[in-house]
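This report concerns only the one structure given below.
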Amino acid sequence: MIKGSPLAVVVASVLMYGCASQPKLAAPLTMPSVPLAEDSFVEAELKVFDDSQLADNVVQLSSHAVSANSSVVINVPASLFEDQSDSQTNNQDFKTKDFFNEAEQQIEKELMRNGFRMLSRSKFEAKLRELRDESRCDLSNYDCLRSSVSPDVKPVLEELKAKFDRGDLSATRYAEQVRDIRSQMQMSSAGRSRNGDEKELTDISEVIRAAQDGEIRSDYILQINIFDTEKQKKLMLDLRHDDQIRAFVRNNPGIADEFTGSPSKHQISCAVIEASLNAKLVHVKTGEIAWIGEHSLNEFSSGVQSVSVELGQRHYVSNAAEVENFVRSQNRYSAREARYGRSVEVPEFTYADKLLGPDVSGGSCNQSWSTSNEVKLELARKVARELISTIAIGE
């Protein structure tokens, strides 16, 4: 009988021992694919309304009936022009008087639509100059008259006075020629702006006097007290007041707490320009204030500008990192050995919602005050049209 060699026995023993001691390992876990985030959005154009209602800022005297076809002249204090002009000295493109003249035309148009007869203010300016000149100088006061004429006219006036003193001119003829010179003075001053307290149509009492005197009379004076198109305002727009946005948040309750919890998530701030007009209608004959009103509009409430916002929701896997860490840890050698023969499930994904925005998606929402003259002019027109249209005219 042939016996196996000792070496073969040793090798066989080692192989048998190795097979008996080899650890058993569970199969590696596979990391599941992470679902992509899903975004949904809503876009809404915000509606902006004025803090105060126009009807609350207008009063008309019930005992005073404004008749149709009544004449009216507009009194615009020169300070409204010049104060604006001073503040715009570095802006050569801004024609202050032209700008307000265009805005004033809107007032005139609305007065005419309401049934008023518009009278030219230049007629009353000329009359007011005449009344001021008459109060300042008497024809018989040569020294006062001489101090009022321009240097090129003084020699003519002095020659007339010398002829009168020598007896070469009769008193009647002298008075006629002086009157002619004085008339020419008034004509040459037409259209010129005066200085200091000599500005035309600034004092309502003088305007009434001019409207009562002369061939052209006015039934009413529309006194413009404030016409400001440069008011700067910081407007806070609350998205919770918009129906579309509220519906979106209601249909996505996962973002509701984030949306309502922080003002930065449901409010946006815009720097806007506001126009304000304050005026009153004065009955010349009685001095009664028949109507008084004020009105303000900003870029958004007037419809001159608009602003749209976009709000969104992101539906995403919130535990992707935890699932990945679990799979990685379960695929270690020791973990695979420990879970051999046992069933281990990869955790399911959990989901969360995140608020996106709000972001300005359209229109204008500046953080600093910068508006074109075209926008300011359109704003002035609208505030004038809306306010003046509230003057009720009878039959």
The answer for W291, listing residues at least 5 apart or on another chain whose modeled amide H is closer than 5 Å to its amide H, is L61, L281
Descending accessible area (1.4 Å probe), largest on the left, turns C270, C365 into C365, C270
Using alpha-carbon positions, the gyration tensor of segment 284-395 gives root eigenvalues a ≥ b ≥ c; with a/c under 1.5 called rounded, otherwise prolate if a/b exceeds b/c, else oblate, the class is prolate
FRET efficiency (E310, A68; Cβ distance; R0 41 Å; to 0.05) is 0.20
Other residues with Cβ under 11 Å from the Cβ of S361 give, with Lys and Arg +1 and Asp and Glu -1, a net charge of -4
So the pair-distance distribution of segment 315-356, from every Cα-Cα distance in 10 Å bins, comes to percents of 26, 40, 21, 10, 3
For 250-256, 375-381, ranked highest to lowest by mean beta-carbon neighbours within 10 Å, the order is 375-381, 250-256
Lys and Arg at +1, Asp and Glu at -1: neighbours of V284 with Cβ under 9 Å from its Cβ sum to +1
For H315 the rounded accessible area (nearest 10 Å², probe 1.4 Å, non-protein molecules ignored) is 70
Here Rg/Rh (Cα, Kirkwood) for segment 271-312 equals 1.34
Expected field for T260, accessible surface area in Å² at 1.4 Å probe radius, rounded to 10, holds 80
Expressed as a percent, the accessible surface of segment 274-395 that is carbon or sulfur, using a 1.4 Å probe and the full set of protein chains, is 44
If the chain between F49 and S120 were fully extended at 0.36 nm per residue, the gain over the current Cα-Cα distance would be 22.0 nm
Regression test value, accessible area per residue of segment 244-395, probe 1.4 Å, units Å², expected 49
Largest-first ranking of R336, R179 by accessible area, probe 1.4 Å, whole protein assembly kept, is R179, R336
With a 18 Å threshold on alpha-carbon distance, the violating pairs from K231/K265; K231/K382; K231/K376; K233/K265 are K231/K265; K233/K265
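The values are calculated or read from the model by the stated rules, or taken from the named source; none is laboratory data. Just so it is clear, the model here is predicted, and its values are computed rather than measured. Here Cβ is always computed from backbone atoms with ideal geometry, including for glycine, and neighbour counts include all displayed protein chains. Surface accessibility is based on the protein's heavy atoms, side chains included, excluding ligands, DNA and RNA. Shrake-Rupley method; radii C 1.70, N 1.55, O 1.52, S 1.80 Å.
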